[in-house]
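**Q** A single structure is presented below for examination.
The values are calculated or read from the model by the stated rules, or taken from the named source; none is laboratory data. Computed from a prediction, not measured in an experiment: that's the story for all the values here. Cβ placement follows ideal geometry from the backbone for every residue including glycine, while neighbour counts extend to all protein chains displayed.
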Amino acid sequence: MRKEKRMKFKTSGVLFVFVLLMVYLSATPALADKASVAIEASQSTVKGSEVVIQLTVTHSANTDRHHIEWVKVWANNQELAKWEFSSTKLPEGVPFTREVKYKIEGDAEIKAEASCNVHGSKGPAILKISVK
């Protein structure tokens, strides 16, 4: 009888570990790398000048099934540019860069965001440009 209890306990332990492993593996997509973007530009300039805004987009994959879906950039909440990608039109690599020019008429808030077709976005990056 004692041997049967040990076997039952051992089987329960193995089953418990298996269930934990399955829960962990099913949660992995939530821990996956989301798309992100970094913004580089001069943080202060004179009114009327043209600023070059460089975006660097990072992501963990670049395949037809898992890739950047879009990249957008705004200045003072007005969309400046948008790039869309698909399984047949992938970005050239990961990471990759894009460049936008923007004429400064006053203080500006530049916001950029990228999104993965599977996991979404880490959220927007924001850079403030002030006029001297």
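**Q** Ile126 is checked against (1) within 30 Å of His66 (Cβ to Cβ); (2) surrounded by 17 or more Cβ atoms within 10 Å (Cβ to Cβ); (3) aliphatic (A, V, I, L, M) and fails just one. What number does that condition carry?
**A** Only one criterion is unmet by Ile126, namely (2).
**Q** State yes or no: is Val14 modelled with pLDDT under 95 and not small (Gly, Ala, Ser)?
**A** Yes.
**Q** Please verify whether segment 48-66 includes one or more residues that are without any contact (Cβ under 8 Å) to a residue 24 or more places away in the chain and of a type in the set (Gly, Ala, Ser).
**A** no
**Q** Restricting attention to segment 46-103, and to residues there that are of a type in the set (Phe, Trp, Tyr) and in contact with a Ser or Thr (Cβ under 8 Å, 6 or more places away or on another chain), which single residue is farthest from Ala114 (Cα to Cα)?
**A** It comes out as Phe96.
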